[in-house]
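A.B. asks: Quick one: the structure is below, questions incoming.
None of the figures in this text is laboratory data; all of them are computed from the coordinates on show. Because the structure is predicted, anything quoted here is derived from the model rather than measured. A quick note on method: Cβ atoms are made from the backbone with ideal geometry, for glycine too, and the neighbour counts reach across all protein chains shown.
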Amino acid sequence: MTGRAGDWSSRRRIAAAGLAAIAALLAAPAMAQDSDPPLAVPAPPPGAALPEVEPVIADDEFEKAVPELSPLDDPEMNRELESIELFEQRLSEQERKAGQEAPLGDPALADGDTSEEIADAKIRDTELTQPLPPLESFEVTPVEFAQPEPDSQSASVAYRTEITGLEKVDAETTKGLRALFNGLSALRDGDGKAANVAMIQARLEEDSALMQTILASEGWYSAEVTTRIDLAAAEGEKAGAMTAVIDAVPGKRFALGKIDVVAGPTEPLGLISDNLALKLGEPIVADRVQGAEAKVSLALPEQGYPFAKVGQRSILLDRETGLGDYNLPIETGPRARFGGFATEGDTAFGADHIEVLARFEKGELYDSRKMDDLRKALVATGLFSSITVEPNATGEAVGDGTEYVTTYVKQDSGPPRTIAGTLGYATGEGFHAEASWTHRNLFPPEGALIVNGVAGTKEQGVGVTFRRSNAGKRDRSFELVAEALHSEYDAFSAYTGRLAAQLHRTSTPIWQKRYTYALGVELLGTAERSWDDAIGRKDRKTYYVGGISGQIGLDFSDDLLDPKKGFRVTALVQPEAAVHDGFNPYVRARIDASGYFPVSDSLVVAGRVRFGTIQGAERDEIPPSRRLYAGGGGSVRGFAYQKLGPLDPEGDPRGGRSLNEASAEVRYRFGNFGVVGFVDVGQSSADTMPRFSDLRMGAGIGGRYHTNFGPLRIDLATPLDRRPGEGRFNVYVSIGQAF
């Protein structure tokens, strides 16, 4: 398209003005629609005659507004457009003729170059062509503020929390609601401080939802909770403090209007209803509902329904009556009896030994408590890293409406070897360290080999023990012991070899038993040095001792190493015979009793008594290591080990044939620490029956550090009415309480 540039430019401006006018006319109705709400106009039916609408602008007016264009055969319209260079040159000449100065004072921009480009001005700018300086050359001056910047750590907004609207609820319930809210509240957790008001508002919104949940859990499902922040400080508060207010309107409390349990028949018939502890008319409290359902889910497996499933409850609320219809589906499954045993996995022993550990027989009604007991017994063996015990359905009918289930045990054996050690100290006894290596399943099932060593100030030795746990019966163990010991006490010095066998039922730290017993036989040869009245000095004699022993115990305390309530009683009888310059039979007997009385959660009063006697032989006919002694950490504290009782001419203990002791402690615990005040009293005598005429007393104070395996004990004691040669203080360090 060619033509004169001036005419084309003017016509282009006229055409643009016309198009702008048309656009303005078309936009007018749209603006009206934007300003007014849209109207819903129904569509006309097919074939209806539409009314004529006058045009927005008449045709002749539109034709006048559009400029006329030259015909296509006009040579001016068909002429080629000039280039940008020629256009710039012509424009520059016209401006120079009009007397205009060179642009920017640069003649080069005044069309001195016939091929001037638009970008030449930028290229000729020398500053723009220079390279940028390196970043290291820049110096940045910190901005100085008129006031020092506030410390973000110290900037905070103080506030208090206030709950209103609960006054309409009874006092006891209100107390519980507030306690539950305070334990979970974000506002309370903030301790009355926030970084800004927005943080307080965020905590308010969180606590508003919390209050709504708490009220719903107590049966107020239509509660209304609103929040606000009072900027004015409450009376007595510091200036600037705010009050975060939660206004709770509980509204109507919903109660149970209907209880419907969908389940099959059970035996006994009232098994579900008797355990679902919900009553018509009581408030719908989440804890009570969940607790009632949990009781049912426990009762069914305990009464022969191992596969019972309590379904998802539904509660339909009627807001007009304030009642809720409760519906609970339950699948009871078949009633079952115990059948056989099966096991797999990384096994430590087979199903036959699992049957030994079980406290139920085939044909007994299924009881989940007995399955839990079996699981605990398996854990107590110490042979597993994990263990699973569950019933498996067999579908085998018993004939009385029940069917057998298999007790399935999935084993995952753990490391069978352990290394253990103990360390203690007591004045008169010195240090005592003992270490042991154990393979708990070297001779399956549960056949352990134990190698132990003793290294102490007064005693050294080694020993080997074979132990069969759960030997043919649950909780029954058999032990065979061989050991060699050297003892160096003030009362005697001995080199002893010992063989012993014992069948027993005893407590362990993870399996405390109410009833214990021990039956054993013992043989030993010992060369012991002690005072000999016949020669008037100490002399070493060799004794050969054989005997049997029997012990029974009752333990109704709540903890093996740190009891707080209950009592314990143990009785021991040991008929023995010593061979040295003849055959000398005698009987050793001892009884121990202790009781524990909690005064409060942190204060316990404990007491113990001990009586012992040896009947049937003179004192000098009994090996010194088998006599009875008093004094020391496990006896009468405040006195050196074995120092209470008859003494030889050198002031060393000789031992006796009777013993009586008593102790009282007040134990106070705070956190993981504790303090103990105690008084001990006791004496040993050369007579066969205890004497109460010359009892000695010690008193002291102790510290305790409570760990997950028992308290570490440090006791400091002193003898009352101290006599010449007795120490002023004695220290005892051990694990566990003194008794």
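A.B. asks: What are the extents of the Cα atoms of the stretch 255-331 along their three principal axes, listed from largest to smallest and rounded to whole Å?
C.D. replies: Between the extreme Cα coordinates on each principal axis of the stretch 255-331 lie 42, 21, 19 Å.
A.B. asks: Report the gain in length on full extension from Thr688 to Glu364: 0.36 nm times residue separation, minus Cα-Cα distance, nm rounded to one decimal.
C.D. replies: That pair, Thr688 and Glu364, stretches by 111.3 nm at full extension.
A.B. asks: Let me make sure I get this right: for the stretch 417-735, a, b and c are the square roots of the gyration tensor eigenvalues over alpha carbons, sorted descending. Under 1.5 in a/c it's rounded, otherwise prolate if a/b > b/c, else oblate. Which is it?
C.D. replies: Oblate, because a/c is 1.5 or more while a/b does not exceed b/c.
A.B. asks: Something else now. How long is the stretch 336-413 along each principal axis, judged by its Cα atoms, biggest number first, in Å?
C.D. replies: Over the stretch 336-413, Cα extents along the principal axes are 39, 20, 17 Å.
A.B. asks: Taking each pair of distinct Cα atoms in the stretch 422-569 once, what is the resulting Kirkwood hydrodynamic radius in Å?
C.D. replies: 17.8 Å is the Kirkwood radius here.
A.B. asks: Could you tell me which of Ser530, Gly547, Thr570 has its Cα farthest along the dipole of the stretch 529-573 towards the positive end, charges placed at Cβ (Lys, Arg +1; Asp, Glu -1), taken about the Cα centre?
C.D. replies: Result: Ser530.
A.B. asks: As an exercise, use a Förster radius of 25 Å and the Cβ-Cβ distance of Gln460 and Asp652 to find the FRET efficiency, rounded to the nearest 0.05.
C.D. replies: E(calc), rounded to 0.05, equals 0.80.
A.B. asks: Given a Förster radius of 51 Å and the C-beta distance between Ile259 and Ser600 as r, what FRET efficiency does 1/(1 + (r/R0)^6) yield to the nearest 0.05?
C.D. replies: With a Förster radius of 51 Å, E is 0.80.
A.B. asks: With no solvent and one point on each alpha carbon, what is the Debye value of log10 I(q)/I(0) for the stretch 663-708 at q = 0.15, 0.21, 0.24, 0.29 Å⁻¹?
C.D. replies: Reported log10 I(q)/I(0), two decimals: -0.54, -0.73, -0.83, -1.01.
A.B. asks: For a label point 7 angstrom out from the Cα of Ser436 toward its Cβ, which stretches of the stretch 480-499 have the backbone nitrogen within less than 13 Å?
C.D. replies: 480-482
A.B. asks: According to the Cα gyration tensor, what semi-axes, each the square root of 5 times an eigenvalue, does the equivalent ellipsoid of the stretch 157-249 have, listed from largest to smallest in whole Å?
C.D. replies: 23, 14, 11
A.B. asks: Still on this structure, I have one more. Take every Cα pair under 8 Å in the stretch 336-413 that's 6+ residues apart, average their separations, divide by the length, and report that relative contact order as a whole percent. All intermediate terms of the calculation are to be shown ahead of the outcome.
C.D. replies: Values: 139 pairs, mean separation 33.8, N = 78.
Reported as a whole number, the value is 43 percent.
A.B. asks: With each pseudo-label sitting 7 Å past Cα toward Cβ, what's the Val249-Ala484 distance in nm, one decimal?
C.D. replies: 9.1
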